[in-house]
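Student: Dropping a structure here in C-alpha cells format, bear with me for questions.
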Amino acid sequence: QEKLDMSTYPVESIRNFSIIAHVDHGKSTLADRLLEITGTISKTDRNKQVLDKLQVERERGITVKAQSASLFYNHEGINYLLNLIDTPGHVDFSYEVSRSLSACQGVILVVDANEGIQAQTVANFYLAFEAQLSIIPVINKIDLKNADPERVEKQIEKLFDIPTDECIRISAKQGTNVEKVLQQVIEKIPPPQCNTADPLKALVFDSTFDHYRGVVANIALFGGEIAKGHKIVSAHTKKRYEVNEVGILTPDEQPTHKLYAGQVGYLIAGMKEVAEAQIGDTLFLCKQPVEPLPGFKSAKPMVFAGMYPIDQTEYNNLKSALERLTLNDSSVTVHRDSSLALGAGWRLGFLGLLHMEVFNQRLEQEYDMSVILTAPTVPYKAVLSSAKLIKEYGKDQITIINPAQFPDKLSVSEYLEPTVLGTIVTPHEYIGKIITLCQDRRAVQKDMLYIDENRVMLKYLFPLNEIVVDFYDALKSLSSGYASFDYEDAGYQSADLIKMDILLNGNPVEELATIIHNDKAHAAGKLLCERLKETIPRQLFEIAIQAAIGKKIIARETLKAYRKNVVAKCYGGDITRRMKLLKRQAESKRLMRKIGNVEVPRDAFIRVLKREPDK
Amino acid sequence: APCPQWPYCRKRCSYCNFNTYVVPAVDEAAVRACLVREAQTLLRLSQVHSVSSVFFGGGTPSLASPGTVAAVLEAVAAAAHLPAGAEVTLEANPSSTSASRLAGFGAAGVNRLSIGVQVRGALPAAAPTAPRDAVVTALPPQSLDDAELRMLGREHTAAEARKAVETARGLFPGRTSIDLLFGLPGQSRDAWARQLEAALGLCDDHISLYQLTLERGTALAAQVRRGALPALPQDLLADMYQMAHTVLVAAGFRHYEVSNFARKVGCPRCYVPPWAHGRFVPRGEGGHSREARVQTLEPVAWMQEVQSQGHGTRSRVVLSPLEQLEELLTLGLRTDEGITHKRWGHFSPQLSLQAVFGAPGEARALQQQGWLVLDSGGLRCTWAGLAVLDSLLPDLLWQLQRV
C-alpha cells in the first residue's frame, strides 16, 4: 500500500475541529455528510453513522469511542487538511470529550432545530469555551415539521452570547447547507499554533486494540514530527517504544511516511495493552523530553457494579470475556470480588450508567455472556480516628467499596460520600415535580435560571449514589421525556452513613449488607425485607426477616411456617412427575446457603441483589 | 395391580384436570375389547403371577356397563391368578349408581365401591381441557351440599349422593368408601366441620379426603385467578386437615395414608403404595425391579395402539436400584406405618435404614424436630410430619443420594 506524503500540508492549511452536540441532535449524521462531501467516502444511501464502528453504537445510536477522520478539501484554490475528531456524545464520557477537544482549535456546535439547547449542549459548550476554541453554531434538522430555527438562534444568543447571524441552518440528513459549514470551518477556525521544528509532542486522545498489530493510538501532534523507527516515551507510564507505523484515518487506516505538527492520525508502536496508551497521555522522543500536555487524568470510575457469572462453571469464560473487552476499554476498572451467595466474580467501575449498560450489552452481543449485575455502589470514604486502623491501612482516609469493609462509627471521625453537580434543562411546567424529585434525592439547589421563555436550567448538588440507579429514568418519566440531565464530579461531602444488615432469625446475611445514608435506611430496609419474604421459600419453622443498624431493628417481615405441605394424591403417572420434582428440589439443596437454620436458595439472593430492570 | 381406565364422563367437574373426555356416544364394544386386550398384554409382559387388587378408575367407570367390567376381570383371571379374596374396586358417580346397576357390578366381580359424594356447586362445568401426560387413577373428590356441588360442577344432588351411598352399603357392606374434598373456595371452618359430621353419618368404614388443588387449566382455577372465587389461606387449609384428622380418629378411624382413613376393616390395598402389595417383578436371583410407565392418553389413539401392539403404553423405563429406593421413600412415608426395615431390606440389602438415616444428618435433625421417627418399627412420619411430608422429602432424598 502506498504511503501518503503528509508534508504537502503546511500548518496553515490544517484545521482541527470537532463536532459537539446533545444526544441525537445529529452529530454523527453531520460527520457522515462531511465525509461524503470531501470525497473521503463515496456518496451512497448506506452511509449512516460511518464513524460508529461498534455494533452497540450503531444500535443505540450513540458514539462510544472517539474516532477521527482526515478530510481533504479544496477551497478557493488551496488544498486543506481538515481533521475531524468525533467525540463520544454522552455525559459519562466528558473526560474523553475534553481530551479530544484539546487537540482541536474549533468546534461545530450542533443543535436540534426543534429540541433546542439541551443539557449536554450546554455542558459541551462550556468545555469548548473553557478550552478557548472557536465555535461555529449549526442548527440541524431544519427539514423536520416542528423545526423552529429562529427560536433556537435566540436561545444560542442568550445563553452563549453568539450573534444569531453566525448560525448556519442545515439538514444533515438531506445535506442542505452542509458545504457552508465546511467553508466556515476553514474561514473561522484558526490553524494549529505549532511548529514542526519543535521537539515531538503528541497527545493520545484515544486508543484501540487490534489483535494482529497491538494497540493503535489516536494522536494529535502539538509539535515536531513522527515516523517509523522513532524511539518514543510515554509521559505517564515512562515506558519506551519504537514506532512501527504512523498514518491518518480516512476513516480507515491509511499509513503515511510521517505525521507533522498540527496533524492528527494514528500510531502503532508495539504497545501491548490499551492501558499503555491512556487518553490524555503525552508521547515524546526519548532524546527530547518535553513538558507533558496538561489535563491528563487517570480514568475515574463513578459507578460500580458487582458482576457475577450466572453459574460458577461459567467463571472462566466470563473472565476471558472481561479481559478481552477491557482490552479496548481502559476506563473500566476491574477488581476481583467474591460473594458467599453468588460465588467468585468482580466489582467493576464504570464512568457512568451508560458506560455500564453498553459494557453489559457488548458482553452479551460480542461474547455471548449473560451475567448477574448487582446494584451499583459508589466509593464512600471514611476519615479514620482509630490509631489502630490508621496503622493497618497506612493512611487516615480510606475508600470503602465493599460493605464488609465499613469501619465502625467509633473508629471514624467523618464519613464522606461522592457528589456530583447535575444540570437539568426542562420545560417550566415540570419544575415542581423535578424539584420534589431532587429534594427526595437529598440534592441541594445551586442555581436556577430561565434560558428562554419556556425552559429552565436547574443546577443541583447530588449525592452520587442517589442518581446512579434510576434518577435519570425518574426524571424522564415525570417530564414526559423533555427534561435532560448532565452531571460532573463535584468531590466529596460529609454524610451520615450507616451499614444496614439483614438478619434471618437473628443471623446476619453478609451478602445483603448495604452502606446507606441514615435518612434512607428505613425505606430501603423495608423494601429489602419485603423482597426477601417473597423470594425465600417457606420452611418448617417461622422466619423473622429483619433489617438492622447495629443492634437496632428498623424493619421486619415474618415468613410463616408450613403447616401443610403434602400432595393429596399420588398414583400412576403422577409418581414419575412427583419424583422428578422432588429430586430437583433435593438437587437444589446443594446450592442452598444456610443462614443459621434457614435455607436460602441462590436465586433468592440474585433476585434481591440484582439491579431493578429498567422500567 | 391392573388399573383399567374408563376415560369418559358425562360432564367435566370444574376442578378436574384428569384424563377424561366428554363425548356424545361411546363405542362400548370397542373400548371393552381394548381394555381386555391391554389387560392381557400387560399381565403377560410384566410376568406377574398373582393379582391381589384390580382398580377400575377413569373418568367415570360406573358409566361402563357391568358386562365390560366382567370381561376385563375374566381376562385378568385368565392371564394370572386372581384369588377369591382379591380386591376389585370400582369408582362410581352417584348419578350412575342405581341399585340394579350396582348389583350388576357386584355380579361381575366388583367387591368394593368408591363413591364421590361432592357437595355444593355453583358453576357449570367447563369444556374438556387438553389431556395431561400421565394416567391418574382419580377418585372424584366430593362434598355433601347442593350449592357446593354446583360450584364443582357435579351432576348430582346431595340427596342423590346420599342415596347412592346407602345403596352401595347395602350391596357392599363394609366395603364402600366415600370421597370428600375440602378447601373449596370460600369454604369456612364451620362449613367443613358440618361436612365432616354429615360424612360420618353417612359413611361406611372408609373415607378418602382430598384437599382441593387448583390445577392449571381448570375452570375453577380460572375463576379463583380472576378473583371471582376466593382462594383459601394456607393456615385455614392446615386447620381443616387437622380437624379432619382429629374428628375421624375420634370416630374410630385410622389415618393410614395422607388422604385415607379406615376403621374396623384392614386398609384396602388400592390406596397403599404399589410396592406394598407386591407390584414388582422378580428378576433373576432375588433382584426386584419397578417400572415407570407413561400411558397414551387420548382414547382414540389409545385404542389404535392397543389394537396394533396390544397395549397403549408409550414408554416403560426400568428404574435403577437408587430410583426404586427413592420411590420407596417418597411413597412409603405417605402411610402411617411408613417403611419397615424388612421392606427396605428387599430393595436395599446392603444398606439398612439405620445405616442411611441413622447417622447424624438430615433425618436425625428431622427426628429431633419431631417430624420423623426411626425405631425398631422402621422409618415413618409423625402426624405433624405427615402434614408437611413434601418439605421433608427433599432433605431425605438428598441424604439418600449422598450415601
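The values are calculated or read from the model by the stated rules, or taken from the named source; none is laboratory data. Worth saying up front: this structure is predicted, and the values here are computed from it rather than measured. Here Cβ is always computed from backbone atoms with ideal geometry, including for glycine, and neighbour counts include all displayed protein chains.
Student: I need the full set of residues from segment B:200-211 which are of a type outside the set (Phe, Trp, Tyr) and modelled with pLDDT of 85 or more, in order please. First the steps, then the outcome.
Tutor: Taking segment B:200-211 as the starting set, the residues that turn out to be of a type outside the set (Phe, Trp, Tyr) are B:200-209, B:211.
The answer is B:Leu200, B:Asp205, B:His206, B:Ile207, B:Ser208, B:Leu209, B:Gln211.
Student: Next up: Taking A:Val246, is it under 28 Å from A:Glu130 (Cα atoms) and in contact with a Ser or Thr (Cβ under 7 Å, 6 or more places away or on another chain)?
Tutor: Values: under 28 Å from A:Glu130 (Cα atoms): no; in contact with a Ser or Thr (Cβ under 7 Å, 6 or more places away or on another chain): yes.
No, not satisfied.
Student: Going by the conditions given, is A:Ile268 buried (at least 22 other Cβ atoms within 10 Å of the Cβ), touching a strand residue (DSSP E or B) at 6+ places or on another chain (Cβ under 8 Å), not assigned by the TED database to the domain that holds A:Cys104 and not small (Gly, Ala, Ser)? It would help to see each step written out before you state the result.
Tutor: On the way: buried (at least 22 other Cβ atoms within 10 Å of the Cβ): no; touching a strand residue (DSSP E or B) at 6+ places or on another chain (Cβ under 8 Å): yes; not assigned by the TED database to the domain that holds A:Cys104: yes; not small (Gly, Ala, Ser): yes.
Considered against the rule, which asks whether it is buried (at least 22 other Cβ atoms within 10 Å of the Cβ), touching a strand residue (DSSP E or B) at 6+ places or on another chain (Cβ under 8 Å), not assigned by the TED database to the domain that holds A:Cys104 and not small (Gly, Ala, Ser), A:Ile268 comes out as no.
Student: Got at least one residue in segment A:590-602 being closer than 30 Å to B:Leu328 by Cα, out of contact with any Asp or Glu (no Cβ under 8 Å at 6 or more places or on another chain), in contact (Cβ under 8 Å) with a residue 12 or more places away in the chain and of a type in the set (Asp, Glu)?
Tutor: If we filter segment A:590-602 for residues that are closer than 30 Å to B:Leu328 by Cα, which is where we start, we get A:590-594, A:597-602.
Filter again for out of contact with any Asp or Glu (no Cβ under 8 Å at 6 or more places or on another chain), leaving A:590-591, A:594, A:597-602.
Among the residues that remain, those that are also in contact (Cβ under 8 Å) with a residue 12 or more places away in the chain are: A:597-602.
With the extra rule that they be of a type in the set (Asp, Glu), the set shrinks to A:599.
Yes, there is a match, as at least one residue in segment A:590-602 is closer than 30 Å to B:Leu328 by Cα, out of contact with any Asp or Glu (no Cβ under 8 Å at 6 or more places or on another chain), in contact (Cβ under 8 Å) with a residue 12 or more places away in the chain and of a type in the set (Asp, Glu).
Student: I'd like the full set of residues that are among the small types (Gly, Ala, Ser) and within 14 Å of A:Val111 (Cβ to Cβ), limited to segment A:18-35.
Tutor: Our first condition is that a residue be among the small types (Gly, Ala, Ser); within segment A:18-35, this holds for A:18, A:21, A:26, A:28, A:31.
Those that are among the small types (Gly, Ala, Ser) and within 14 Å of A:Val111 (Cβ to Cβ): A:Ala21, A:Gly26.
Student: If you check B:Thr382, B:Thr335, which single one turns out to be more than 23 Å from A:Lys560 (Cα to Cα), out of contact with any His (no Cβ under 8 Å at 6 or more places or on another chain) and among the polar types (S, T, N, Q)? Steps first, answer last, please.
Tutor: On the way: B:Thr382 fails: more than 23 Å from A:Lys560 (Cα to Cα).
Every option except B:Thr335 fails the conditions.
Student: Go through segment A:189-271 and tell me which strands (runs of 3 or more DSSP E), entirely inside it, have 3 or more residues that are within 22 Å of A:Ser100 (Cβ to Cβ) and basic (Lys, Arg). Don't jump to the end; show me each part of the working.
Tutor: Details: elements: A:201-210, A:214-223, A:225-227, A:231-234, A:240-242, A:245-249, A:253-256, A:258-260, A:264-268.
In segment A:189-271, no matching strands (runs of 3 or more DSSP E) lie anywhere.
Student: While we're here: Which one of these does A:Val469 not meet: (1) closer than 30 Å to A:Pro601 by Cβ; (2) modelled with pLDDT under 90; (3) not in a loop (DSSP other than H, G, I, E, B)?
Tutor: Failed condition: (3).
Student: Name every residue in segment B:297-350 that is part of a helix (DSSP H, G or I) and charged (D, E, K, R), in order of residue number.
Tutor: Kept after step one, since they are part of a helix (DSSP H, G or I), are these residues of segment B:297-350: B:299-309, B:321-332, B:341-347.
B:Glu305, B:Glu323, B:Glu326, B:Glu327, B:Lys342, B:Arg343, listed by residue number.
Student: I'm trying to understand the selection: among the residues of segment B:195-241, which are among the hydroxyl-bearing types (Ser, Thr, Tyr) and surrounded by fewer than 19 Cβ atoms within 10 Å (Cβ to Cβ)? Walk me through it before giving the result.
Tutor: First pass over segment B:195-241, keeping only residues among the hydroxyl-bearing types (Ser, Thr, Tyr): B:208, B:210, B:213, B:218, B:241.
If the condition is that a residue be among the hydroxyl-bearing types (Ser, Thr, Tyr) and surrounded by fewer than 19 Cβ atoms within 10 Å (Cβ to Cβ), then B:Thr213 is the only one that fits.
Student: Scan segment B:59-85 and report the pairs whose first residue is closer than 13 Å to B:Gly104 by Cα and whose second residue is surrounded by fewer than 19 Cβ atoms within 10 Å (Cβ to Cβ), with Cβ atoms within less than 6 Å and a gap of 6+ or a chain change.
Tutor: B:Ser62/B:Ser96; B:Leu63/B:Ser96; B:Pro66/B:Gly104
Student: Can you tell me which residue within segment B:351-364, out of those that are touching a residue at least 12 places away in the same chain (Cβ under 8 Å) and either aromatic (Phe, Trp, Tyr) or in a helix (DSSP H, G or I) (or both), is surrounded by the fewest Cβ atoms within 10 Å (Cβ to Cβ)?
Tutor: B:Ala355
Student: Looking at B:Gly266, B:Gly217, can you tell me which residue is closer than 16 Å to B:Asp336 by Cβ and either at pLDDT below 80 or in a loop (DSSP other than H, G, I, E, B) (or both)?
Tutor: On the way: B:Gly217 fails: closer than 16 Å to B:Asp336 by Cβ.
It is B:Gly266.
Student: Please go through (1) farther than 17 Å from A:Val378 by Cβ; (2) of a type in the set (Lys, Arg); (3) not in a helix (DSSP H, G or I) for A:Lys476 and return the number of the only condition it doesn't satisfy.
Tutor: Single failed check for A:Lys476: (3).
Student: Let me ask something additional. Does B:Ser98 satisfy being surrounded by fewer than 19 Cβ atoms within 10 Å (Cβ to Cβ), in contact (Cβ under 8 Å) with a residue 60 or more places away in the chain, over 24 Å from B:His206 (Cα atoms) and of a type in the set (Ser, Thr, Tyr)?
Tutor: No.
Student: Follow-up. Can you tell me which residue among A:Leu512, A:Leu609, A:Leu504, A:Leu559 is modelled with pLDDT of 90 or more, away from chain B (no Cβ under 14 Å), out of contact with any Asp or Glu (no Cβ under 6 Å at 6 or more places or on another chain) and over 30 Å from B:Gln324 (Cβ atoms)?
Tutor: On the way: A:Leu512 fails: modelled with pLDDT of 90 or more; A:Leu609 fails: modelled with pLDDT of 90 or more; A:Leu559 fails: away from chain B (no Cβ under 14 Å).
Residue meeting the stated conditions: A:Leu504.
Student: Would you mention how many residues in segment A:562-596 are facing chain B (nearest Cβ under 7 Å), among the polar types (S, T, N, Q) and outside any loop (DSSP other than H, G, I, E, B)?
Tutor: Looking only at that region, the number is 2.
Student: Run down A:Ile502, A:Ile516 and say which single residue is over 25 Å from the mean Cα position of the chain (by Cα) and in a strand (DSSP E or B).
Tutor: Numbers: A:Ile516 fails: over 25 Å from the mean Cα position of the chain (by Cα).
Every option except A:Ile502 fails the conditions.
Student: Every residue in segment B:223-248 that is more than 13 Å from chain A (Cβ to nearest Cβ) and touching a residue at least 24 places away in the same chain (Cβ under 8 Å), please. Spell out how you get there, then give the answer.
Tutor: Quick first cut of segment B:223-248, residues more than 13 Å from chain A (Cβ to nearest Cβ) only: B:223-231, B:246-248.
B:Gln223, B:Val224, B:Leu229, B:Pro230, B:Ala231, B:Val247, B:Leu248, listed by residue number.
Here is a yes/no grid of residues against (1) more than 28 Å from A:Val608 (Cβ to Cβ); (2) surrounded by fewer than 17 Cβ atoms within 10 Å (Cβ to Cβ):
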{"site": "A:Gly345", "(1), (2)": "no, no"}
{"site": "A:Leu373", "(1), (2)": "no, no"}
{"site": "A:Lys409", "(1), (2)": "no, yes"}
{"site": "A:Ile435", "(1), (2)": "yes, yes"}
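Student: Any idea how many residues of segment B:326-354 are under 22 Å from A:Arg590 (Cβ atoms) and more than 11 Å from chain A (Cβ to nearest Cβ)?
Tutor: 1
Student: Which number in (1) part of a helix (DSSP H, G or I); (2) closer than 17 Å to B:Val69 by Cβ marks the one condition that B:Arg44 misses?
Tutor: (2)
Student: When the residues of segment A:538-553 are narrowed to those that are surrounded by fewer than 18 Cβ atoms within 10 Å (Cβ to Cβ) and of a type in the set (A, V, I, L, M), which ends up nearest to the other protein chains (Cβ to nearest Cβ)?
Tutor: Going through the qualifying residues, I end up with A:Ala544.
Student: Answer yes if at least one residue in segment B:29-38 is among the hydrophobic types (A, V, I, L, M, F, W, C), surrounded by 21 or more Cβ atoms within 10 Å (Cβ to Cβ), assigned by the TED database to the domain that holds B:Ala64 and touching a strand residue (DSSP E or B) at 6+ places or on another chain (Cβ under 7 Å), and no otherwise.
Tutor: No: segment B:29-38 contains no residue that is among the hydrophobic types (A, V, I, L, M, F, W, C), surrounded by 21 or more Cβ atoms within 10 Å (Cβ to Cβ), assigned by the TED database to the domain that holds B:Ala64 and touching a strand residue (DSSP E or B) at 6+ places or on another chain (Cβ under 7 Å).
Student: If I filter segment A:306-313 for residues that are farther than 13 Å from A:Val371 by Cβ and at pLDDT below 90, do I get at least one hit?
Tutor: The answer is yes; a qualifying residue exists.
Student: Quick one: how many residues across segment B:366-382 are surrounded by 14 or more Cβ atoms within 10 Å (Cβ to Cβ), closer than 25 Å to A:Pro537 by Cα and not β-branched (Val, Ile, Thr)?
Tutor: 7
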